[in-house]
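Enquirer: Handing you this structure, nothing more for now.
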Amino acid sequence: MSRPRSSSGSFTSLAVRLFALAAALLLVAHSAAAQDDRPVELPVELRIEAGPVANTGSSPEVVLSFVARWPGADSLRLSFETVELSGDVEAGTASLLRLTSLFDGAQQVLDAVGVRHWNLGSAYFNGDTVLVDVLAQPGTGPNRVVLAEVAVGLPPLAPKSICFSTDDRLPSNDPRVARLMPVVCTAWMIDDCARCFLSAGHCVGSISSVQFNVPNSTASGSLQHPPPQHQYPVDPASIQSNGGLGLGNDWAYFGTFPNSGTGLSAFHGQGSSFELAAPPASTAGQTIRITGHGSDSTPASWNHVQQTHTGPFTSKSGTTLRYQVDTTGGNSGSPVIHENTGRAIGIHTHAGCGSSGGSNVGTSSENAGLTAALAAPKGICSSSCGWEALGGGLAGSFGVPVLSVTGAPQAGSLVNLRCQVVAQFSTSVLVVGYSAQNAPLKGGVMVPSMDVLVPGIATGFGLVDILFPWPAATPPGTENWWQLWVQDPTGPQGWSASTVLKSLSS
């Protein structure tokens, strides 16, 4: 049976234990025109090759380092041709790619899994200079990085679709609404089981990530970006869209991988999602709110920063919604919120307002193509179903370790448990229970019953990845509880514990 391997090219004793875990779990039988949304970055070639180089010393160290710079840029996003990281992710010896903005110190750290999730790219960094480092453990082999290009931030320009003569939008901070990059549209989380996103179909041709908690732009209107812990890479396999087929028929549905720094999904990072509902039967007396990341020049520092406005729901015809609410380029994909109930009833897609009034336009949540996609999720939007994050945990060196997962709890799925912010260069124990015991232990709470233990898992640079195929014979409806315990000298009694996951087999 073949399985993914690290660049070290060898199976580890951990892998053997994980197959034993899988075998053990087999026995658990008892349990108008589209809104004008323009790219705001310019890809430019900036080729830098570094490596191959190995750590030949006796302790972990930076073995490769260079600076990516485009003078005068307001922001940078890096795209790599090659990233070869030595070591073994599962054994905790993996090399890490560390990217640091020299403008504000924002940092992104990726192992081989994170590099794959970001599709050989990076988060967005403010400023014109990013330091690229590779951290390696001794004796783990060569590392090589080839930078191909950088996307340089530009001041975006987009016409407004303001109803009447004044722009009445105001800054807002709805945690469910994100900026969609690099097209600079809007996306928002819904209440499906995986807490995935909706946006406009004409926005998703080349999307890479979503951004929450977006800061103000520069005084000239150039975008500024939140720290990497508020940016989430899009899973290309999850995208379903009709590409935008006109009024009332313009939609997209997709999901994102967990954040590479915090281990949290977008939902658990933000804590909220929209309830998706059908539009009301009548528009009379109904109010619509549009919240999104539209362009602006009054002031320019609000350009593509989250803003919101309300206005009358003017008409509904089939799956076409019309409302007199201020929007601009960049608002495409915004939720059409029924202010009377707080529920999202559609996706904002088209401009229509002007100085004499008019109405902007959206696609109803009842669109047949959209509802079919929601009934058949793909990629991360399907694989995250069946898992529930229960919180908890016991703080250690860097706070509470966060346990996250990709892969569905169903036969044929490769599951990847990932735990971040754990004590470095230590060992840990994965605990899997057939029930929840919630027993006090080491100053914390051992949530799973201790039915399966996988000891000796190395933490490396503070990132643990555990990969295994879901046991094929696990009956549907089987529940399991998962927690990682880490030897940590800063814990209350020498241990820290991760947050808890609950799985439901399908």
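Enquirer: Restricting attention to segment 424-442, which residues are hydroxyl-bearing (Ser, Thr, Tyr), part of a strand (DSSP E or B) and under 25 Å from Thr474 (Cβ atoms)? Steps first, please.
Expert: The initial filter retains those residues of segment 424-442 that are hydroxyl-bearing (Ser, Thr, Tyr), namely 426-428, 434-435.
Adding the requirement that they be part of a strand (DSSP E or B) leaves 427-428.
Scanning segment 424-442 gives a single hit, Ser428.
Yes or no, residue by residue, for (1) surrounded by 23 or more Cβ atoms within 10 Å (Cβ to Cβ); (2) in a strand (DSSP E or B); (3) at pLDDT below 95; (4) assigned by TED's automatic domain parsing to the domain that holds Trp251:
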{"site": "Val53", "(1), (2), (3), (4)": "no, yes, no, no"}
{"site": "Val62", "(1), (2), (3), (4)": "no, yes, no, no"}
{"site": "Ala68", "(1), (2), (3), (4)": "no, yes, no, no"}
{"site": "Gly92", "(1), (2), (3), (4)": "yes, no, yes, no"}
{"site": "Gln108", "(1), (2), (3), (4)": "yes, yes, no, no"}
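For every residue, the table says whether it meets (1) closer than 30 Å to Val464 by Cα; (2) part of a strand (DSSP E or B); (3) not assigned by TED's automatic domain parsing to the domain that holds Thr186.
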position	(1), (2), (3)
Ser260	yes, no, no
His268	yes, no, no
Pro280	no, no, no
Ser295	no, no, no
Thr308	no, yes, no
Pro312	no, yes, no
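Enquirer: Continuing with the same structure: Being at pLDDT 90 or above, of a type in the set (Asp, Glu), surrounded by fewer than 21 Cβ atoms within 10 Å (Cβ to Cβ) and not assigned by TED's automatic domain parsing to the domain that holds Gly261, is that true of even one residue in segment 483-496?
Expert: no
Enquirer: I'd like the full set of residues that are of a type in the set (Gly, Ala, Ser) and under 20 Å from Ala106 (Cα atoms), limited to segment 221-262.
Expert: Ser222, Ser260, Gly261
Enquirer: Between Thr427, Thr490, Thr478, which is in contact with a Ser or Thr (Cβ under 6 Å, 6 or more places away or on another chain) and closer than 26 Å to Ser58 by Cα?
Expert: Answer to the check: Thr490.
Enquirer: Only one of these is under 18 Å from His293 (Cα atoms), outside any strand (DSSP E or B) and not hydrophobic (A, V, I, L, M, F, W, C): Pro175, Pro138. Name it.
Expert: Only one candidate passes the filter, namely Pro175.
Enquirer: While we're here: Condition test on Val152, is it at pLDDT below 95, over 21 Å from the mean Cα position of the chain (by Cα) and farther than 22 Å from Pro258 by Cβ?
Expert: Values: at pLDDT below 95: yes; over 21 Å from the mean Cα position of the chain (by Cα): yes; farther than 22 Å from Pro258 by Cβ: yes.
Yes.
Enquirer: Go through segment 89-122 and give me each residue that's among the acidic types (Asp, Glu) and in contact with a Gly (Cβ under 9 Å, 6 or more places away or on another chain).
Expert: Within segment 89-122, Asp104, Asp111 qualify.
The values are calculated or read from the model by the stated rules, or taken from the named source; none is laboratory data. If you're wondering where the values come from, they're calculated on a predicted model, not measured in any experiment. No Cβ is skipped: glycine too gets one built from the backbone with ideal geometry, and neighbour counts run over all protein chains shown.
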